[in-house]
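Heads up, the thing below is written out as structure tokens.
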Amino acid sequence: MDIKVGAHALRATDDDEDLDGLVASVRRVGVLQPLLCRLEGDVLNLVAGHRRINAALRVGLESVPVIIGDFTAAQAKEIAFAENMFRADLSAVEIAAGLKDVLEQKIMTIEELAQSVSRSTNWIGRMIAMLAWPSDVLGAVHGGWLSVSAANNLACVTEDTYRDFLLTNAHDSGATARTTAAWLQAWRAYQPPEAAVQAEPVPGQVNLQPAVPQAPCLCCGVVYRTDELCHMPVCVQCIKLVREVGARS
């Protein structure tokens, strides 16, 4: 009987570089741990064992051991979530998507979900809220080169072009949460006063000491204190004129 794959998968992509080791193991000794499936009519829906079946397909196995469980669709989703949630290679974005799916499908309440992952309900809420971040910031987190805490600050930069510049700088030079907090503070400092006052605080951000406003130079990309940068949107000719006037006064 064929197995339907994908109904309970939580991964955002099919890329899994760590699968090579499992493929080598399956090639040597086969699939030792049975897959867990749920029978729905004449179809076997895979609940747990997506990496094992992918490895078996790569090796070219025609059959794999299967356990058919007698549980509801909600229970199947919870089992799949539990298996995938604690895998080391899941990104924070994938975990957040899985948490949101469990709540939307009413598989567990937020209290039950928090207990199952040994986290607080506030943590669950912050993780799910992360899914509303700009796609470029989520891509950086999912790609593994920007931490959630550092991305948390860049997600608040609503100016797309400047946020893209900051992300590029973070990717090329690296950026901690403290660095991006300073970038965010500098960006807000040069917004209109009413926009800066109405800006929402960054959720969960705790500064042990005031951050010195810093920002990368738009030309060379080097990070400076904001009092060392020029933020006047004027042309070269006008800068020369201002200098001439200042010299005469």
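Numbers at a glance
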| quantity | calculated |
| --- | --- |
| Residues with amide H under 5 Å from that of Val66, placed H, sequence gap 5 or more | Leu35 |
| Length-normalised contact order of the range 107-183 in % [C-alpha pairs under 8 Å, at least 6 apart] | 26 |
| Exposure proxy ranking, count of Cβ atoms within 10 Å, fewest first, for Lys100, Lys106, Lys4 | Lys106, Lys4, Lys100 |
| Cα-based Kirkwood hydrodynamic radius, the range 115-179, one decimal, Å | 12.5 |
| Chymotrypsin sites (Phe, Trp or Tyr not before Pro) within the range 71-166, DSSP loop, no more than 10 other Cβ atoms inside 10 Å | Phe86 |
| Formal net charge of residues neighbouring Asn45 (Cβ-Cβ distance under 12 Å; K, R +1; D, E -1) | 0 |
| Exposure proxy order (Cβ contacts within 10 Å, fewest to most) of Asp42, Asp172 | Asp42, Asp172 |
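Here, each number is a calculation from the coordinates, and none is a lab measurement. Note that the coordinates shown come from a computational prediction; the quantities given were computed from them, not determined experimentally. No Cβ is skipped: glycine too gets one built from the backbone with ideal geometry, and neighbour counts run over all protein chains shown.
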